[in-house]
Amino acid sequence: MPAYNVKHITRYSYGNPVVECANQIKLYPINDGFQNVLRHKITITKNPNVEVFTDFFGNQVGVFTIVEPLSELQIVSEAEVVTHEIQLPEIESPADKQWGLLREACERLPYIDFLQKEHLEEEENIKSFIHSLYDEQRTPFENARIFSEYIFKNFEYKKGVTSVETSVDEIWRLKAGVCQDFAHFLLWILRYIGIPARYVSGYICPKDHEFRGEGATHAWVEAYVPDYGWVGLDPTNNCIASDRHIRLAVGRNFSDCTPVKGTYKGSSDHVLEVSVSIYNKKEVAEAGDVVANPIFAYRSSNLTDTSLKEKKNSYRYYMEQQQQQQ
């Protein structure tokens, strides 16, 4: 049961003071039977009151507003999390029974929300590819692992070719991308074959540098397996999400899990810096606290197009750039 210390810093520096800064944060690690949050603290510039509620998907969400002029906004999330190794499903019931249970689940909440998929331009081509690998004689879990492995082996992990706005169609055409692209593509596949699947945002913890995305925010998929529950599949690393993965939020897609988003009144001229430090508790005790350098810094200046402002001012753009730098 490893224990990790996570420090996640988000800092906005504005060219001129801004006002009425309203924000939503999903920076609260999930606390359940697979990971235990021993300690968690959120520190925000000017110490505003943060109202915390649980959203439709079970995530903790914080909202706050700073009305007075603000030249810099810093949000610091510090957590100590113990993770537990995941036991792989060992289900004795035959494949046809499990597929039958999934068909029943498709008509119930919450699973129905994790079966919705968008229409694709490349839908027929993608369906043909799916049918070339899908085998109804295999269990849902076995099929899910095969598709996750296929993405790992056949899609190039390449930075800078996609963004958080990249569609499943484009991911299929490129056969390349980063963790959130692979997660979105696997989501579509699993939902098409009738397996409820949800997007997961979180962190992947460093050890021997064998994983892509170590020490930073990460994305993967959880598939619903009958008689077991939700199991995490990480197509970026061809593994089951286990005690090296820390979950922050789950949802239908990235937009349901965005760590920080908000609005303000004032100039669009700003700098966004984000840093994530993840350390094993024992190593921290021996080496002392370490301050992380920003893993991403972005400057926005004098944007005039409204749609561009929305993209550049959001945490979504950070996610795009951060994934490109991993």
Could you pull the Cα extents of region 61-105 along its three principal axes, largest to smallest, in whole Å? 62, 28, 12
Among A144, T236, L133 - extreme Cα towards positive end, dipole of region 95-253, charges at beta-carbon: T236
Please list, in order along region 42-54, the HN-Hα scalar couplings obtained from phi with the Karplus expression 6.51 cos²θ - 1.76 cosθ + 1.60 (θ = phi - 60°), rounded to whole Hz, x for Gly and Pro. 10, 10, 10, 3, 6, 6, x, 6, 10, 8, 10, 9, 9
So how compact is region 11-84: Cα radius of gyration and Dmax in angstrom? 14.4, 46
Below 8 Å between Cα atoms, with a sequence gap of 6+, how large is the relative contact order for region 95-253 in percent? 24
Classify region 1-148: rounded, prolate or oblate, from the alpha-carbon gyration tensor (a ≥ b ≥ c, eigenvalue square roots; a/c under 1.5 rounded; otherwise prolate if a/b is larger than b/c)? prolate
Sequence-distant or interchain residues sharing an amide H contact under 5 Å with L233, placed H: which? V221, E222, A223, A241
For region 27-80 versus region 115-158, the gap between their alpha-carbon centres in whole angstrom: 35
How would you rank 70-78, 31-39, highest first, on the average number of other Cβ atoms within 10 Å across their residues? 70-78, 31-39
Going residue by residue through region 93-103, the Karplus relation 6.51 cos²θ - 1.76 cosθ + 1.60 with θ = phi - 60° gives ³J(HN,Hα) values, rounded to whole Hz and with x marking Gly or Pro, of 5, x, 4, 5, 5, 5, 5, x, 5, 5, 4
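Report the net charge of residues surrounding W230, where surrounding means a beta-carbon distance below 11 angstrom and charges are Lys +1, Arg +1, Asp -1, Glu -1.
Details: positive: R198, R247; negative: D32, E222.
Result for the local shell: 0.
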Shape box of region 95-253 [Cα atoms, principal axes, largest first, Å]: 40, 35, 25
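Throughout, read-outs are computed from the coordinates displayed, never taken from laboratory work. These numbers were taken from a predicted model, which means no experiment stands behind them. Backbone-built Cβ (ideal geometry, glycine too); neighbour counts: all protein chains shown.
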